[in-house]
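Working notes for the structure below.
The values are calculated or read from the model by the stated rules, or taken from the named source; none is laboratory data. Keep in mind that this is a model prediction, so the values were computed, not measured. A quick note on method: Cβ atoms are made from the backbone with ideal geometry, for glycine too, and the neighbour counts reach across all protein chains shown.
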Amino acid sequence: MIRIGHGYDAHRFAPGAKLVLGGVAIEFDRGLAAHSDGDVVVHALCDALLGAAGLGDIGRHFPETSPEFAGIDSRILLRRVVALLDDRGFRVVNADATVIAQAPRLAPHLGEMRVRLASDLGISTGGVNVKATTTEGMGFCGRGEGIAAHAVGLIEMR
């Protein structure tokens, strides 16, 4: 049995915060406001995988009201999601994510994002794709108010 899930996340920019996308720290004059590290790529991927397994969403498992998750590295959350899937007999087959940001330029960082995400998912880098796009100045991302990400994840029973 194979199952697919979709995830979406978005965070607004905040001065003084760090910018982490796909597990990679990126030099930029602003970061993302969030209870955790605000990694929208990882959050969208967590939601995609949890959805594929019928396990709800990231907020259900890692609520922003919990002090335990304050400032947490989102890659830790992703590894916990993979463990939840494993406990239920699922394994990740592949994942694909799209980051939506007018700035900063993300192309130089996409390869490292793939490597880190693949490591956390327990699959080869060939099973992970990360791409970036802009909105040509439209919407909150285009106005430079924040960054969003979509992700899909395919899982199968072991």
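Scan Arg91, Arg116 and give me the residue that is more than 17 Å from His6 (Cβ to Cβ) and not in a strand (DSSP E or B). Testing whether each residue is more than 17 Å from His6 (Cβ to Cβ) and not in a strand (DSSP E or B) leaves just Arg116. Tell me whether region 10-28 contains one or more residues that are under 14 Å from the mean Cα position of the chain (by Cα), under 20 Å from Gly122 (Cα atoms), at pLDDT 95 or above and of a type outside the set (A, V, I, L, M). Within region 10-28 (the criterion being under 14 Å from the mean Cα position of the chain (by Cα), under 20 Å from Gly122 (Cα atoms), at pLDDT 95 or above and of a type outside the set (A, V, I, L, M)), the answer is yes, since at least one residue qualifies.
When region 58-89 is filtered for residues that are of a type in the set (Asp, Glu), farther than 17 Å from Ala33 by Cβ and modelled with pLDDT of 95 or more, the ones remaining, listed by number, are Asp86, Asp87. Among the residues making up region 52-69, a single one is of a type in the set (Val, Ile, Thr) and either in contact (Cβ under 8 Å) with a residue 40 or more places away in the chain or buried (at least 19 other Cβ atoms within 10 Å of the Cβ) (or both): Ile58. One residue is enough: does region 52-71 have a residue meeting the conditions closer than 23 Å to Thr125 by Cβ, in a helix (DSSP H, G or I) and basic (Lys, Arg)? Among the residues of region 52-71, not one is closer than 23 Å to Thr125 by Cβ, in a helix (DSSP H, G or I) and basic (Lys, Arg), which makes the answer no.
Pairing each residue of region 1-18 that is within 14 Å of Ala149 (Cβ to Cβ) with any residue that is β-branched (Val, Ile, Thr), provided the two are 6+ apart or on different chains, yields C-beta distances under 6 Å for His6/Val152; Asp9/Val40; His11/Val40. Listed conditions (1) surrounded by fewer than 20 Cβ atoms within 10 Å (Cβ to Cβ); (2) under 17 Å from the mean Cα position of the chain (by Cα) are all met by Ile147, apart from (1). Applying the criterion of being without any contact (Cβ under 8 Å) to a residue 40 or more places away in the chain and touching a Gly at 6+ places or on another chain (Cβ under 9 Å) to the residues of region 116-127, the residue that is surrounded by the fewest Cβ atoms within 10 Å (Cβ to Cβ) is Thr125.
Taken together, the residues in region 69-97 that are among the basic types (Lys, Arg) and over 14 Å from Leu45 (Cβ atoms) amount to 2.
Filtering Gly7, Gly38 for residues that are surrounded by 14 or more Cβ atoms within 10 Å (Cβ to Cβ) and in a strand (DSSP E or B) leaves a single hit, Gly7.
The combined condition, being outside any loop (DSSP other than H, G, I, E, B), within 12 Å of the chain's Cα centre (by Cα) and surrounded by fewer than 19 Cβ atoms within 10 Å (Cβ to Cβ), is fulfilled by Asp96.
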